[in-house]
Amino acid sequence: MENNVSEALRILEEPIQYVCLAFMALMYAIKIYQLMKKPGPPEKAELKGDRYAGAVHSLANVLRPWGMESTRNHLYFYVEFVIFHIAVLLTIGSTFFIPLVPQLMTPTVTKVIMVFMGLAFLIGLRRIHRRLTVPEIRIISSPDDYFAISLMTVFFAVGFGALWLWLDKRPETALMWVFFLMTTFFLLYVPFSKISHYVLYPFGRVMFGQIFGGRGVLNRKRS
Amino acid sequence: MAEAIAENTAIKTPEEARENPDKLGMQKDRKWPLKTEFTPEMLAEMENLLPGKLNRIVQTSLAGCIHCGMCSDACHYTQSIPDDKRLLPAYKADRFRKWYKGRYDWLGKVFPSLVGARKLDKELADEMYDLLWGGCTMCRRCTFNCPMGVDYGMVVRAARGIMCQVGRIPKHLQDTIDTHYNYGNNMAVPQDEFIETIEWIQEELQEEEGCEDFTIPIDKKGAQYFLTLNPREPKYYPLTIQSTAKILNAAGVSFTVSSRYWDLTNYAMFNGIDADAKLFAQWIFEEVKRLECEYLLSGECGHGYRGLRWELPNWLGGVPFKITSVMELLAQIVQEGRVKLDKSVHDEKRFTYHDSCNIARSGGILEEPRIVIRACANNFEEMPHNREDSFCCGGGGGALAMPEFSERRIRAGKIKADEIKGTGANVVLQSCHNCTDQLKEICEHYHINAKVMNLAELMDPALVLTD
C-alpha cells in the first residue's frame, strides 16, 4: 500500500505529529519527575518475601485475570479491557505505520486493525452506557471520564472508516484527515486527561508489588 | 521523644516498681484539642498540611484512579450496605481526591469541574470526615482488587492525619491515643497493677496440672523473646495471656514481658499522626534493647502486629533485633514438634478462621494460623474468602473506637457474618482483639451461635503436658 497524500496531509501526519509527540513526552517527563521527587516507600523491615519478584508479579497482573477477584469474577469485563487496549495500541501504531511504513499496512494487517477498532468502538459504547446507568459508576464519574471514553469511541469509529477507505486505496480522505487531527488533539490533551493513566500504572503496580511482595503476600505457595 | 525516655533512665526492678510505680508515657500529659466542626481556619490549616502528606504512594494513588469501579465488589461496606453507593471505595477516596486535584492536577487547576476537582470547603470536609473515618477500615481489600494498584489504605490514612491535625477526629479514638501517650499503654494500666496482674496470672497458671514450674518472667534480661501484649489482655482477657504463657513454657521458649512498655497497639496508625506512631514504637524498641532480647514478639493483635513487624523498622530507621509474632511462633512450635497436641479435645467443635486484614493482607501471615489450627483441631472449615481475599470484619481501622459510627460498623459486618454462618462453625478463630470484639458483636447481631477465640486459646486445651 502507498501513502500518496497531499503535502498538507503529509505535514499533519508527520512533522505536526512529531511536535505534538515531543510535547506529550515532555509533559510525561515532568509528571514522572514530580512523582519521583516524593519519598518512596521505605523498607527497613526484614523481608518475608521478595520485593523485586513482587514488583514483577504485580506488573504482570494485567496478564493474569485470575490474579484479582475483581477480574476473576468479571471475566467479560476483563476481555473487553484487553480488546480495548489492544485496539488502542494498534490504532496508535497505525498512525505511525500509515505515514512511515505504509507497506506494512497490507490489506490483512489493515483488516486485523479494523476488527479491533470495530470491537473497541462497541466496547466504548458499552462503557459509556455503563457509566451512565450503573449508579455506583455514575456517582464517581467526572465529565473527563465521559469525555475520555467518548473521544476514544469516536476515534475508533473514525479510524475504522479511514482504514476502510485506505483498503480501497484512498489514503487521503476526509476521514483520514479527521483521524490525524484527532491524533494531534490526543497527543496534546492526553497528558492532562485520565487517559494518561498508563504513565502512572507502572508506578502504582511496582509500589504495590514491592510492599506486598516483600511481606510475602504475593508470589507465595499455599500450604 | 528522647527526653521522655531519658527521664526514665533509672529503671526499677519489678519488685521496686510494684511498691513505687513509675509514671510511664510522656511526663507531661496531653489532651488533643478536638473540634466538633470544620471552621474556615481549620480548612486553611488543612491546605497547609496537604503537601506534607503526599508521598509517592499517596500521590500515585490520588492521581491514578481511573474510576473503573472494579473496587465496588471488594469492599465489605458496599457488599454489606449495597443501598448506600457513597461507600464505594473510589467514591470515598474521591472526597480527598477532588481536593487534591483542585490543587495539583494540571487540568483540575484550570477546569476543575471537568475532572471533578473541588476546593476544600466545609461540605467536602464533612464528607471526608463521615466517609474516611466512619466508612473505611483501611483494610486494603480494594487495593488488592484495583487494576492500577491504588493504595486506598494509605490515601485514607493521609486524609485522616490531616483531619486529626486540625482536631477533627472521633473523640474516643483520639482519647485512646492520648491515653497511650500519657500512660505508656492505651488503657492506662499503671505499672504496679500490670505487674500484679501478671503475677496473678502466673499463679493461676501454676495451679494448672503439669504447669507447676511455668513462669511469666518480668523484665528478664537476655530472654530470647520480648512478648508484647494488647492492653485488653491484662485488663479483660487475662486467660489469653495465661494460654500464651502456657504454650511458650511447654515449648521451652525463653521469653519475658516488660514491666514498663508492653503495649503492642498503636492507634496512631489509625489517626495518621506519624510522630505518635513513632513514639509508641520507640518505647517498645527501647525496652527490647534494655532487656537484650533477640526477638520482639508481637502478641495476637492485627494492627499491633503490622505496626511492630512492618512499620516500626521504617519509622525508626531499622532495628538491631528480629521481629516476629505469636502466630508465627506457634506455627514454628508445631512444625518443630516442640509440644504434644491432642486434637480430639476439640472434636465437639467446628472451627473457622477469620484472617485479620493487618495480619494477612497487610502482614503476610497467611499459612501460619492454618498450620496451628490443623495441628489442634480436626473440624475446620475455611470461609469462601480467606487469606488475602478475606473480607474485613468491620472492626479494623480504629472503627471500634468510633461509637458514632457503630451502626454502620455493625451493618458492614454482614458479609463476614454471612460467611461465618455459611461454614456452620461454632467457633470463629482469629488473632486480633479488634476483630474479637467486632466478631462477637456481629455474631450476636446476626444471630450466629459461635464463640470467638484466638489461636493460643485454641492450642492451650490441646496441649498434652503429662505422659
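Taken together, the values in this text are just the output of simple stated rules run on the coordinates, not laboratory data. None of these values were measured; they are calculated from a predicted model. When we count neighbours, we look across all protein chains shown, and the Cβ atoms used for this are built from the backbone with ideal geometry, even at glycine.
Just tell me which lysines come within less than 22 Å, Cα to Cα, of residue B:12; anything on the same chain fewer than 8 places away is out.
B:23, B:28, B:220, B:221, B:289
For chain A, how big is Rg over Rh, using alpha carbon atoms and the Kirkwood form of Rh? The partial results should precede the final answer.
Details: Rg = 20.5 Å, Rh = 19.8 Å.
We get a ratio of 1.04 for chain A.
Report, in deg cm²/dmol and to the nearest 500, the calculated mean residue ellipticity at 222 nm for chain B, where each DSSP H run with n ≥ 4 adds -39500 (n - 2.57) and the sum is divided by the residue count.
Numbers: 25 runs with 223 residues, N = 467.
Helix contribution divided over all residues of chain B: -13500 deg cm²/dmol.
Once you have a ≥ b ≥ c as the square roots of the Cα gyration tensor eigenvalues for the stretch B:26-142, tell me rounded if a/c is under 1.5, and otherwise prolate or oblate according to whether a/b is larger than b/c.
Details: a/c = 1.70, a/b = 1.17, b/c = 1.45.
Taking the square roots of the gyration eigenvalues as a ≥ b ≥ c, the stretch B:26-142 is oblate.
Kindly work out what percent of the DSSP beta bridges joining two residues of the protein assembly as shown are antiparallel, to the nearest 5. Present the calculation step by step, with values, prior to reporting the outcome.
Values: 1 of 20 bridges.
The antiparallel proportion sits near 5 percent.
Give me the distance between the Cα centres of the stretch B:81-110 and the stretch B:449-465, rounded to whole Å.
44 Å
Beyond 29 Å, what share of the Cα-Cα pairs of the stretch B:220-374 remains, rounded to the nearest whole percent? Mind dumping the intermediate values first?
Numbers: 1861 of 11935 pairs.
Roughly 16 percent, once rounded to a whole number.
First check a/c for the stretch A:1-49, with a ≥ b ≥ c the square roots of the eigenvalues of its C-alpha gyration tensor; if it is under 1.5, answer rounded, and if not, answer prolate when a/b is larger than b/c or oblate otherwise. Spell out each step's value before the answer.
Working: a/c = 12.89, a/b = 3.06, b/c = 4.21.
Oblate, because a/c is 1.5 or more while a/b does not exceed b/c.
Report the relative contact order of chain B, percent, no decimals, based on alpha-carbon pairs under 8 angstrom and at least 6 residues apart. Don't jump to the answer; show the numbers that get you there.
Details: 854 pairs, mean separation 77.1, N = 467.
Answer for chain B is 17 percent.
Starting from the amide H of residue B:264, placed 1.01 Å from N in the peptide plane, find each other amide H under 5 Å away whose residue is 5 or more places distant or on another chain.
B:229, B:230
In whole percent, what relative contact order does the stretch B:395-458 give with Cα contacts below 8 Å and a gap of six or more residues?
Details: 63 pairs, mean separation 24.1, N = 64.
Worked out over the stretch B:395-458, it gives 38 percent.
Quote the relative contact order of the stretch B:113-255 in percent (integer), defining contacts as alpha-carbon pairs under 8 Å separated by 6+ residues. Working shown, then result.
Working: 103 pairs, mean separation 22.2, N = 143.
Taking the mean separation of contacting Cα pairs over the length of the stretch B:113-255, I get 16 percent.
Using unit Cβ charges (K, R positive; D, E negative) and no other charged atoms, how large, in debye to the nearest 20, is the dipole of the protein assembly as shown about its Cα centre?
Value, rounded to 20: 3020 debye.
Taking the alpha-carbon centroid of each part, what is the distance from the stretch A:137-173 to the stretch B:164-227 in angstrom?
The distance from the Cα centre of the stretch A:137-173 to that of the stretch B:164-227 comes to 64 Å.
Chain B: Rg/Rh from Cα coordinates, Kirkwood Rh?
On the way: Rg = 22.6 Å, Rh = 23.0 Å.
Rg/Rh: 0.98.
According to the square roots a ≥ b ≥ c of the eigenvalues of the Cα gyration tensor, what is the shape class of the stretch B:103-214, taking rounded for a/c under 1.5, prolate for a/b larger than b/c otherwise, and oblate for the remainder? Before the final figure, lay out each step's value.
Values: a/c = 4.85, a/b = 2.43, b/c = 1.99.
The shape class here is prolate.
When all alpha-carbon pairs of the protein assembly as shown are counted, what percent fall beyond 40 Å?
On the way: 88370 of 237705 pairs.
Taking all Cα-Cα pairs of the protein assembly as shown, the fraction more than 40 Å apart is 37 percent.
Residues of the stretch A:161-192 with the amide nitrogen closer than 19 Å to a label point 7 Å from the Cα of residue A:18, along Cα-to-Cβ, please.
Of the residues in the stretch A:161-192, A:180-181, A:183-185, A:187-188 have backbone N under 19 Å from the label point off residue A:18.
Give the peptides A:86-92, B:211-217, A:27-33, A:161-167 in descending order of average Cβ contacts within 10 Å, highest first. Show your work: numbers first, answer last.
On the way: A:86-92: 18.0, B:211-217: 15.6, A:27-33: 14.0, A:161-167: 20.0.
Ranked by mean Cβ neighbours within 10 Å, highest first: A:161-167, A:86-92, B:211-217, A:27-33.
Given the options A:93, A:40, A:49, which has the most mean-square fluctuation in a GNM of chain A, springs set between C-alpha atoms less than 10 angstrom apart?
A:40
Identify all aspartates and glutamates with a Cα-Cα distance to residue B:85 below 12 Å; exclude those on the same chain that are fewer than 8 residues away in sequence.
Correct list for residue B:85: A:136, B:73.
Going by amide H atoms built from the backbone, whose H comes under 5 Å of the H on residue B:325, apart from near neighbours?
B:298
Quick check for you: which residues of the stretch B:408-423 have the amide N under 13 Å from the point 7 Å beyond the Cα of residue B:381 toward its beta carbon?
Within reach of a label on residue B:381: B:418-423.
Just tell me how shielded B:94-100 is by partners: mean number of partner chain Cβ atoms within 10 Å of each residue's Cβ, no decimals. Display every interim value, and only then the final one.
Numbers: counts 3, 0, 0, 2, 1, 0, 0.
Shielding by partners across B:94-100 averages 1.
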